[in-house]
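Notes for the one structure printed next.
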Amino acid sequence: MEIESKITFIYGTKEEARIALDSLKSDNIDFVKAYIENNSLICDLKSKALRTTLATIDDLIFCEIMAEKIMDFTIR
């Protein structure tokens with residue numbers, strides 16, 4: 001069985017979405033396809049195990065929170 005998920009992070013600008021994408025390039029290359037659409041970062045995930053999917057989603061959300069905090073600190 002293959003599990004597919006999609007996570008969308010919406011930003012104020014396309015530049016912020018690009019910064020987030022660059023900072024989220026991770027070791028999950030086999031599981032995550034990330035791309036920019038307008039001012040959103042979209043992450044499509046595919047995995048064969050629910051545990052892997054949940055761990056990857058948790059990791060992505062944590063890393064995105066860190067990227068947001070850094071952007072708030074450096075851009076603003």
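All of the numbers you see were taken from the coordinates with simple rules; none came from a lab. These numbers come from a predicted model, not from an experiment. Cβ placement follows ideal geometry from the backbone for every residue including glycine, while neighbour counts extend to all protein chains displayed.
The set of residues in region 37-73 being loosely packed, with under 13 Cβ neighbours inside 10 Å and touching a helix residue (DSSP H, G or I) at 6+ places or on another chain (Cβ under 7 Å) consists of Asn38 alone.
Yes/no per residue for (1) touching a Gly at 6+ places or on another chain (Cβ under 7 Å); (2) closer than 27 Å to Met1 by Cβ; (3) among the β-branched types (Val, Ile, Thr):
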| position | (1), (2), (3) |
| --- | --- |
| Lys25 | no, no, no |
| Lys33 | no, yes, no |
| Ile36 | no, no, yes |
| Ala55 | no, yes, no |
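Do we find a residue being more than 10 Å from the chain's Cα centre (by Cα) and in contact (Cβ under 8 Å) with a residue 40 or more places away in the chain anywhere in region 55-62? No; the residues of region 55-62 include none that is more than 10 Å from the chain's Cα centre (by Cα) and in contact (Cβ under 8 Å) with a residue 40 or more places away in the chain. Of all the residues in region 1-45, those that are part of a helix (DSSP H, G or I) and free of Cβ contacts under 8 Å to residues at least 24 places away in the same chain number 4.
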